[in-house]
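Quick notes on the structure that follows.
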Amino acid sequence: SHIMSEYVRMTDTERDQIDQDAQIFMRTCADAIHQLRTEAHKGVQSAQVKEHRTAVLDFIEDYLKSVCKLYSEQRAIRIKRVLDKKRL
């Protein structure tokens, strides 16, 4: 508890800014994956290379989805806490 008292708590404004930045970053990543998926097969003749690129992009997309889900869960907890505090 002594260590925690040395740190200043984040303000709601800072948390909101982090939320906004995170959403922008996740959207940017999703757009980049979509663009890579579109360009991944241009000029590639080998079925094996196409299959490999598709698998890699699927893996990256799944990872981004799991990160987004974790973020959404954490944000929901924060919102619930704020609402609970307002009710009291």
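The values are calculated or read from the model by the stated rules, or taken from the named source; none is laboratory data. Just so it is clear, the model here is predicted, and its values are computed rather than measured. Cβ placement follows ideal geometry from the backbone for every residue including glycine, while neighbour counts extend to all protein chains displayed. Heavy atoms of the whole protein, side chains included, go into the accessibility calculation; ligands, DNA and RNA do not. Shrake-Rupley method; radii C 1.70, N 1.55, O 1.52, S 1.80 Å.
Brief remarks follow.
- Single unsatisfied condition, ASP19 versus (1) modelled with pLDDT of 90 or more; (2) under 18 Å from GLU61 (Cβ atoms): (2)
- Exclusive hit being touching a residue at least 24 places away in the same chain (Cβ under 8 Å), assigned to a helix (DSSP H, G or I) and basic (Lys, Arg), set ARG53, ARG75: ARG75
- Top-ranked residue of the range 78-88 - restricted to ones that are free of Cβ contacts under 8 Å to residues at least 24 places away in the same chain and within 23 Å of the chain's Cα centre (by Cα), ranked as least open to solvent (accessible area, probe 1.4 Å): ILE79
- Subset of the range 24-67 (residues that are surrounded by 14 or more Cβ atoms within 10 Å (Cβ to Cβ) and of a type outside the set (Val, Ile, Thr)): MET26, CYS29, ALA30, LEU36, ARG37, ALA40, ARG53, LEU57, GLU61, LEU64
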